Amino acid sequence: MKRVVSVSLGSSRRDHRVEVELLGELFEISRRGTDGDFERAVRLLQELDGKVDAIGLGGIDVYLYAGKTRYVVQDGLKLMQAVRHTPVVDGSGLKNTLERETVYYLREHTDFLAPGTKVLMVSAVDRFGMAEALSELGCDLTFGDLIFSAGIPYPIRSMQELEELARKILPEMVKLPFHMLYPTGKKQETQDEEKVRKFGHFYQEAQVIAGDFHLMRRYMPRLNGQVIITNTTTPEDVAFLKEKGAGYLVTTTPEFAGRSFGTNVIEAVLVTILQKPWEEITPEEYLECLKRLDFKPRLVPLQ
Amino acid sequence: MATHEEITASLLAFQESYNKNERLKQMNRDWDRVILIEASDIPSRHTLELRGGELSVREGAPPRPDLVVIADSETLTDLFYGDITPTEPYMNGTLKIIGSEDDIVRLDFISLMIWGE
């Protein structure tokens with residue numbers, strides 16, 4: 001049996017373990033949260049190093065992209081460097097392939113993303129492939145990177161402006177402790193009520209809300225039938241979205257035992273299947289492997 | 001070591017660059033804050049005030065600052081002239097910022113918007 005473990009800075013309340021057969025091979029996939037405790041995550045990674053087939057890093061990004069430029073999150077890199085023997089991935093390699101494909105899949109199979117559809121991406125630099133694909137389809141985009149990561153009520157409306165601001169800000173921002181920019185640990189279980197009131201209108205004005213689920217959840221107001229495109233959702237998260245009034249949930253990663261896993265987990269699985277260092281895997285190889293696995297986005301009506 | 005006058009000049013340069021940046025003013029319309037800038041090695045205090053997106057600078061300390069920025073005079077001068085970014089001195093403890101985490105991120109952001117790239 002292959003063992004894949006996701007070590008997350010997120011809440012340990014979301015921990016789980018499943019066994020699943022993929023391409024004739026049995027996988028044990030588990031997720032272990034460290035409640036925002038960075039040192040605990042480092043120790044856990046060191047413990048697992050050399051004992052499992054692949055490790056995913058959850059609740060943190062190592063690589064952010066804007067255009068052709070890659071920005072390295074220093075805290076993420078420290079976690080990655082704690083592992084010396086086992087392949088370790090943050091999901092960013094796969095996001096570029098899988099999430100673009102999700103957008104194209106939705107264009108082919110639904111009417112969610114017609115040209116002019118108002119889409120709020122709560123953050124785009126962690127999902128640049130999805131942002132580019134949505135832009136290609138002619139969606140009316142609002143990128144919430146400044147709003148939800150820096151508290152600045154300034155919607156970014158174009159890919160050009162996103163790249164321009166990223167060039168100015170990201171080389172330095174990536175040096176800050178990650179918890180200053182993204183909800184980790186217990187913050188993933190609560191909402192920031194002040195910001196829900198202040199920024200909720202950006203959600204309510206959109207028809208589709210896309211991006212990182214924890215960021216999305218933390219500032220989500222009452223909705224009116226919006227389509228949610230995300231992943232890493234639990235049955236409790238689905239209930240939360242129903243209660244908020246979301247119309248549909250689209251998850252970009254497959255569901256195993258009621259959970260849509262993070263891209264870091266799926267990337268770790270693919271790295272195990274492909275048996276290549278992640279730096280050498282091309283988008284085409286990921287795509288071909290995803291086809292063999294028959295992974296498709298999951299559409300769940302919520303109302 | 002920089003002088004009080006040099007810190008004043010750097011803050012005025014920062015103010016001028018900020019107030020020329022219409023997008024930055026628009027971004028900060030909701031963020032009214034009084035910031036104390038204090039040198040740790042010489043007697044020098046200044047007040048930065050953001051109100052309705054406009055930035056003003058004056059000598060002396062405010063009665064009730066929302067944020068306090070403390071560093072040696074050289075670091076403050078380098079910072080407000082844009083010769084260094086705030087992130088590294090903040091991370092290595094040369095620059096201390098007392099305030100909420102959200103406000104610290106925002107102050108860092110303003111500096112990067114002015115001097116970034």
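The values are calculated or read from the model by the stated rules, or taken from the named source; none is laboratory data. What you are looking at is a predicted structure, and each value in this text was computed from that prediction instead of being measured. Virtual Cβ from ideal backbone geometry, glycine too; neighbours counted across all protein chains shown. We work out accessible area using only protein heavy atoms, side chains counted, and drop any ligands, DNA or RNA first. Shrake-Rupley method; radii C 1.70, N 1.55, O 1.52, S 1.80 Å.
B:Pro63 meets each of the listed conditions (1) without any contact (Cβ under 8 Å) to a residue 24 or more places away in the chain; (2) under 22 Å from B:Thr3 (Cα atoms); (3) surrounded by fewer than 17 Cβ atoms within 10 Å (Cβ to Cβ) apart from (2). Number of residues in the stretch A:146-183 that are within 27 Å of A:Thr34 (Cα to Cα), more than 10 Å from every other protein chain (Cβ to nearest Cβ) and open to solvent by 20 Å² or more (accessible area, probe 1.4 Å): the value is 1.
Kindly indicate whether A:Arg217 is basic (Lys, Arg) and farther than 30 Å from A:Gly24 by Cβ. Judged against the criteria, A:Arg217 is a match.
Restricting B:Asp103, B:Asp41, B:Asp108, B:Asp83 to those that are more than 11 Å from every other protein chain (Cβ to nearest Cβ), closer than 30 Å to A:Asp75 by Cα and either in a loop (DSSP other than H, G, I, E, B) or of a type outside the set (S, T, N, Q) (or both) reduces the list to B:Asp83. Among the residues of the stretch A:213-253, those identified as in a loop (DSSP other than H, G, I, E, B) and open to solvent by 20 Å² or more (accessible area, probe 1.4 Å) are A:Arg222, A:Asn224, A:Gly225, A:Thr232. Within the set A:Thr142, A:Thr97, the sole residue that is closer than 28 Å to A:Trp278 by Cβ, under 18 Å from the mean Cα position of the chain (by Cα) and surrounded by 17 or more Cβ atoms within 10 Å (Cβ to Cβ) turns out to be A:Thr97. In the stretch A:126-139, the residue that is nearest to the other protein chains (Cβ to nearest Cβ) out of those that are more than 18 Å from the chain's Cα centre (by Cα) and assigned to a helix (DSSP H, G or I) is A:Ser135.
Residues checked against (1) within 14 Å of another protein chain (Cβ to nearest Cβ); (2) of a type outside the set (Asp, Glu); (3) within 21 Å of A:Ile169 (Cα to Cα):
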{"residue": "B:Ile7", "(1), (2), (3)": "no, yes, no"}
{"residue": "B:Ala13", "(1), (2), (3)": "no, yes, yes"}
{"residue": "B:Arg45", "(1), (2), (3)": "no, yes, no"}
{"residue": "B:Ala61", "(1), (2), (3)": "no, yes, no"}
{"residue": "B:Glu74", "(1), (2), (3)": "no, no, no"}
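Counting only residues that are more than 18 Å from the chain's Cα centre (by Cα) and outside any helix (DSSP H, G or I), which one in the stretch A:184-211 is nearest to the other protein chains (Cβ to nearest Cβ)? Once the filter is applied, the top-ranked residue is A:Asp192.
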